[in-house]
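Since every read-out is calculated from the coordinates, none of them should be taken as a lab result. Model, not experiment: these values are computed from the prediction. All Cβ positions, even for glycine, are placed from backbone atoms using ideal geometry, and neighbour counts span all protein chains on display.
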Amino acid sequence: MLTRVLSVFEYFSALKLRNQKKNSFRKFFKSIFALLFMKVIRTIVALKNALKPYRLKSHNIGFVPTMGALHEGHLSLVRTSTRQNEVSVVSIFVNPNQFNNTNDLNNYPRDLDKDCRFLEQTGCDFIFAPDVKEMYPEEDFCQFEFGSLGTVMEGKHRPGHFNGVAQIVTKLFDIVNPDKTYFGQKDFQQLAIIRNLVKKYNYKINIVACPIIRESDGLAMSSRNLLLTKGHRAIAPIIYKTLLEGKEQMHKKSPQEIVSYIIESINSTSLLSVEYCQIVDPETLQPVSTINPVKPPIACIAVFAGKIRLIDNVEFIS
Ligand code: AMP
């Protein structure tokens, strides 16, 4: 029931298009269609074909790249896309090239059926869920250079990570050719890298940065939260809480003193271990020595909760 064969989908998709003469009808058919048919597309050719009619009609296409194991954080991006565009595509692909740790890749949560059910509520039009062979029919040797943006924080601690991100994102941009693409501020450095990529390669794509969605206890939503033990899950909200405490000190202490406070506080809980914490300029991502209220810096952190690595960030705005 959940995953239907593409040809059936494409037939009804064409039918749907013919039925979209009036805007009010369009919404109606769209919601009925979403409930009846899972719009899962597995191949690049099929996705391009499915998007063709929309492109011919100059409909705006919104695109949300994800690795699945979807949660409200992802859905907030998708909802923003469906509000802002006539057509929305969500990709679900666990990109092996951006993992620098095989265990992390093997253990990454995957549940396409559940993801599809989640997406039904968002009005998303197409779910692109290719397999690895489809995206990487042969080894990808493309090398991307992001200068100092790519060598700090995540770039330093996850060698090759942003190169893998750039490999998959450029492929996806070329396939979907969206007008707008949606990225979460949770991955703040990734957002900076994607902005740089879009500018450097002249993609005519608008990047929409979406706020971090948190659990009620403050923990930033993440697919990796599913992998936390009970004990680690219980203690993990300390990360955000401590970042906020650091922010409260921004008028009294230097960034370096605040960083030391954050690292010591989090490490004092024996279940958590800070990999890095830096207060950085939001554009250059280089550590700041003073806090400029006109250009508020961001405190970025990566923490190990057992074997699970969590990242978060808070803007130091008054
Ligand atoms: P991922 O599936 O982890 O690659 O994430 C796909 C997109 O969702 C990225 O742009 C992330 O930044 C974004 N995202 C992940 N978690 C959250 C969150 N808690 N709030 C907002 N966006 C998020």
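The DSSP beta bridges internal to the chain are antiparallel in roughly 50% of cases.
Of the peptides 271-282, 108-119, how do they stack up when ordered by the mean number of other Cβ atoms within 10 Å, highest first? Walk me through the intermediate numbers first.
Working: 271-282: 18.8, 108-119: 17.2.
Ranked by mean Cβ neighbours within 10 Å, highest first: 271-282, 108-119.
Put the Cα centre of the stretch 184-250 next to the Cα centre of the stretch 92-153 and the gap is 17 Å.
Only bridges with both residues in the stretch 171-313 count here: give the DSSP antiparallel percent, nearest 5.
Details: 16 of 21 bridges.
The answer is about 75 percent antiparallel.
Pairs of Cα atoms in the stretch 276-316 fall into 5 Å distance bins, from 0 up to the last occupied one, in shares of 6, 25, 29, 17, 10, 9, 3, 1 percent. For the chain, the normalised intensity computed at q = 0.14 Å⁻¹ comes to -1.11 (log10 of I(q)/I(0), Debye sum over alpha carbons, equal scatterers, no solvent). Taken along the Cα-to-beta-carbon direction at a fixed 7 Å, the label points for residue 294 and residue 199 span 1.9 nm.
Counted residue by residue at 0.36 nm each, then reduced by the alpha carbon distance between them, the extension gain from residue 84 to residue 216 reaches 44.8 nm.
Dipole magnitude for the stretch 76-218: computed about the Cα centre from +1 point charges on Lys and Arg Cβ and -1 point charges on Asp and Glu Cβ, it is near 560 debye.
Largest first, the extents of the alpha carbon coordinates of the stretch 39-149 on the three principal axes equal 40, 31, 28 Å.
Among the listed pairs 156/241; 156/247; 133/171; 186/241, give every one whose C-alpha distance is greater than 19 Å. The partial results should precede the final answer.
Working: 156/241 25 Å; 156/247 24 Å; 133/171 13 Å; 186/241 15 Å.
Flagged as over cut-off: 156/241; 156/247.
Loop-located GluC sites (Glu not before Pro) in the stretch 189-267 (DSSP state other than H, G, I, E, B) with a sparse environment of at most 15 neighbouring Cβ atoms within 10 Å are absent. Listed by chain and number, the aspartates and glutamates placed with their C-alpha closer than 13 angstrom to that of residue 200 are 145; residues fewer than eight positions away on the same chain are left out.
Could you list 221, 153 so that the one with the fewest beta carbons within 10 Å of its beta carbon is first and the one with the most is last? Don't skip to the answer; put the middle values down first.
Values: 221 19, 153 23.
Ordered by Cβ neighbours within 10 Å, fewest first: 221, 153.
Peptides 139-149, 230-240, 178-188 ranked from most to least packed give 178-188, 230-240, 139-149, packing being the mean of other C-beta atoms within 10 angstrom over each peptide's residues.
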